[in-house]
Amino acid sequence: MLSLRSMTLLAMVLATACFPTQIYGQATAADKIKVAKGFQVELVYSVPKNQGSWVSLTNDPKGRLIASDQYGRLYRIDPKSKKVEPILVNIGRAQGLLCAFDSLYVVAHRGGNQPAGLYRVRDTNRDDKYDSVQLLRQFQGGGEHGPHAVILSPDKKSLYICAGNHTKTPRPESSRVPTNWQEDQLLPSMPDANGHAAGIRAPGGWIAKTDPNGRKFELISTGFRNEYDIAFSDNGELFSYDADMEWDIGTSWYRPTRVCHVTSGAEFGWRTGSGKWPADYPDSLPATLDIGPGSPTGIVFGTGTKFPKRFQKALFICDWSYGIVYAVHLKPNGSSYTAEKEVFCSAPALQVADIIVNPADGALYFVIGGRRTQSGLYRVTYRGSDSVEAAKPDATNELTTLRRKLEALHTQRGQKVIDEAWPHINHEDRFVRYAARIAIEHQDVRLWAKRALNERMAHARTLAVMALIRRGNPGYQKSVLQSLSAVPWDRITDAQRVDLLRAYGLAIIRLGGLNNEARKVINTHLVDKYPAKNRRVNQELCRLLIATNGKDVIGNTLDLLEKSETQQDQIHYVYALSTARLGWSLDQRKRYYKWFLDAANLYGGRSFNGFLQNIRKRSLQTLDANTRNALAEILNKKPVEKDPYANLKARPFVKKWKTADLTEALENELTGRNFENGRKMFGVGQCYKCHRFADQGGISGPDLTAVGRRFNKKDLLESMLNPNNAISDQYQATEFELDDGRIITGRVVNLNGKNYVVQPDMMKPNKLVNINVDKIEEQRPSKVSTMPSGLLDNLTKDEILDLMAYLRSGGKKDFEEFKK
């Protein structure tokens, strides 16, 4: 019915020319790989087809490497002699390998008679050949979302293991994560439109700790989608690189691939379908760094490399689909971190599957392979002039020390724990207050329920009552709602309001559902707060007041829908309204269904089209026969596809702007600018279609939130006026010259046998071209950016300056260029 975009945007960028190397029978040559200045990449070994497609690596005590074929056996490699030999034991299909405790640990997938699980492989007769295989714990799960990495703990006494969301928790004997997990959806969630993970429920992907014998498992963290690997920093902090659900791209619930700081008891909020939690929900923790679309695989810290200090401290993360190894540079921020990424090495056909440091030579090794593609083993060394002296661990700051002290309480019980944690439940540091709440949630609720309900500090009350909701029973609902309604709305911040609204929602979800008394309390205290000035507050008020049928919620939500500049925000309101049965006028229904006609010009991932159709279908179920008949004209109307730049082109042409035209104004007139107009111009210029900014917008182009810190004013303007002058490798299209003389330029979006499926226009992702490999005479990086030129030619000078100030602000209204 709807002419909506259903092409997966991850596929859209799948490979930035990620060509199937099995066509050539040789791993990507080292001289084709771009690497950071001063470093050198060497192809150690091109894996022959009969040795499979390697996806995991570890090093043994003798400086050799061990690798596993995704669908077959293990191999041992001597990086000096380049000798490769099979390990002749009945184990393979490993996505996790570790040599420790005089053993080789293997996290294997099911196959043949081999169940998925954690295995211990040993050389019992000391002849340098493994000969014993022991299953320590069987896992229920498999495939690419199954059990993954195994690594050594910082104190070298334990193992840590991670698994994707298709693997059930490993029947842990203890858990730092409170085991009262639920879906926690205030409005009915919607399964993936193509059925992916439709039956999988909380807690999603997990990380656990166990002893060398695998006898006792302790659950450390949950709420991941599919974290392939985990790594400890040199000062003992744990990190992961979690996957996105690329089919969600374009929706309000899409979450990019992201680096997560994994602390004790952490919950990261993955839920199936539309149910992913917003990153600011107080019952979860946020990502350290959003990377964007991709396919996360191996990660490792640079500890032990003979690299400059900056790279010894870096977290190296692998993106299989883009063919990129990023170096993520972490900066302490309270008890956690902020981070920035840089492309460390990249190339077409570099499907990076795993990465390790070999202490024997101080080099970084990575392997490409997976899904039966050509494999290769590579070594990265530093050849520059900077010092490679071993870096010392950074000193632990006071807030990290406090967080760790609170995390130690997660395994303790009693009144003393409550008293020690309570003062920190509303700490200004999010990770500290999270650790404090988890410590309290683990305690007998009878010891602290009254204290939570009567807590005097507003934010502390919100979070303490939320803990009570998560641990309590339906008998608490009345007292919980009365306590929350006493929190003074006008004296808390917008972020604290989001926390409060989440607590209200959980009180309905977990404490017996919505009854008339609960509805009355919530509407009495919140109806007049909607709409608010803050975007996130509005989104949470929308959820809550639609659930409670609040007064004027339909009209207010439609107003917000029509004013929303991004398709993600629009979908949030359309989704919520689809669940509302009461309070509609006929005109409001028409306004609602008109949006679906306009949605013909939106695009997203593989499930995007299906999600929008299902949202529309759900809303139709709320109509009675008379209303359907009255809406027949708009319901039967067919959508018309429009030029995505139609609104921009409809504006009067101002001039063909050049950087020189605005250079003086950048220096003298970039003060007292209009924040709201800058945001409006970001929408008018269709920037949101491709770029993410302050947690809003698309993902086919780079995230622009921090662009003001990375570029000076002139360079930022130049990049917008002349996008062809400098094109990032990550977003560069490929130019194909064919044997019939044609030249086709675009991004490879899929592979089909010997055909490349190419998308020439990023704004029209359903317009695809098939190119047969045998017809290609030459292929080369395109010199033309996928970002169109001339996007600012219909904007006035003041509009461009407002846009510049908005971009430089990172989305913060108090930025200096908005001050009068």
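The values are calculated or read from the model by the stated rules, or taken from the named source; none is laboratory data. Computed from a prediction, not measured in an experiment: that's the story for all the values here. Virtual Cβ from ideal backbone geometry, glycine too; neighbours counted across all protein chains shown. SASA here: full protein model, heavy atoms, side chains in, ligands and nucleic acids out. Shrake-Rupley method; radii C 1.70, N 1.55, O 1.52, S 1.80 Å.
Numbers below:
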| read-out | value |
| --- | --- |
| Wholly within the stretch 198-299, strands (runs of 3 or more DSSP E) carrying at least 1 residues that are open to solvent by less than 20 Å² (accessible area, probe 1.4 Å) and acidic (D, E) | 238-242 |
| Strands (runs of 3 or more DSSP E) completely within the stretch 56-170 that count 1 or more residues being more than 30 Å from H196 (Cβ to Cβ) and more than 27 Å from the chain's Cα centre (by Cα) | 65-69, 73-78, 83-92, 94-100, 103-108, 117-122, 132-138 |
| Residues that are touching a residue at least 12 places away in the same chain (Cβ under 8 Å), closer than 28 Å to T493 by Cβ and open to solvent by 20 Å² or more (accessible area, probe 1.4 Å), drawn from the stretch 389-403 | N397, L399, L402 |
| Which numbered condition L717 fails, given (1) buried (at least 19 other Cβ atoms within 10 Å of the Cβ); (2) modelled with pLDDT under 80; (3) not in a loop (DSSP other than H, G, I, E, B) | (2) |
| Sole residue being buried (at least 23 other Cβ atoms within 10 Å of the Cβ) and out of contact with any Cys (no Cβ under 9 Å at 6 or more places or on another chain), chosen from A100, A94 | A94 |
| Yes/no for E669 being of a type in the set (D, E), open to solvent by less than 50 Å² (accessible area, probe 1.4 Å) and either over 25 Å from the mean Cα position of the chain (by Cα) or at pLDDT below 75 (or both) | no |
| Qualifying residue in the stretch 518-533 (condition: closer than 25 Å to I438 by Cα and out of contact with any Asp or Glu (no Cβ under 8 Å at 6 or more places or on another chain)) | no |
| Search result, residues across the stretch 371-388 that are closer than 18 Å to I317 by Cα, surrounded by fewer than 24 Cβ atoms within 10 Å (Cβ to Cβ) and out of contact with any Gly (no Cβ under 9 Å at 6 or more places or on another chain) | R379 |
| Test: R606 is open to solvent by 10 Å² or more (accessible area, probe 1.4 Å), in a loop (DSSP other than H, G, I, E, B) and in contact with a helix residue (DSSP H, G or I) (Cβ under 7 Å, 6 or more places away or on another chain) | yes |
| Some residue of the stretch 106-125 being more than 30 Å from G275 (Cα to Cα), buried (at least 19 other Cβ atoms within 10 Å of the Cβ), in contact (Cβ under 8 Å) with a residue 40 or more places away in the chain and hydroxyl-bearing (S, T, Y) | no |
| Filter pass, P282 being closer than 30 Å to T462 by Cβ, touching a helix residue (DSSP H, G or I) at 6+ places or on another chain (Cβ under 7 Å) and either touching a residue at least 40 places away in the same chain (Cβ under 8 Å) or β-branched (V, I, T) (or both) | yes |
| Members of the stretch 610-654 that are open to solvent by 30 Å² or more (accessible area, probe 1.4 Å), touching a residue at least 12 places away in the same chain (Cβ under 8 Å) and among the polar types (S, T, N, Q) | Q613, N614, T627, N647 |
| Residue check, R379 in a helix (DSSP H, G or I) and in contact (Cβ under 8 Å) with a residue 24 or more places away in the chain | no |
| Given (1) over 13 Å from the mean Cα position of the chain (by Cα); (2) at pLDDT below 95; (3) of a type outside the set (S, T, N, Q), index of the condition P293 fails | (1) |
| Scan of the stretch 631-686 for residues that are within 30 Å of R535 (Cα to Cα) and acidic (D, E), ordered by number | E641, D643, E669, E676 |
| Matching option when the condition is loosely packed, with under 15 Cβ neighbours inside 10 Å, under 33 Å from the mean Cα position of the chain (by Cα) and without any contact (Cβ under 8 Å) to a residue 40 or more places away in the chain, among Q482, Q443, Q412, Q496 | Q412 |
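Every residue, every condition in (1) under 23 Å from Q496 (Cα atoms); (2) not in a helix (DSSP H, G or I), yes or no:
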| position | (1), (2) |
| --- | --- |
| A408 | no, no |
| R413 | no, yes |
| V417 | no, no |
| A421 | yes, no |
| K450 | yes, no |
| H459 | yes, no |
| L463 | yes, no |
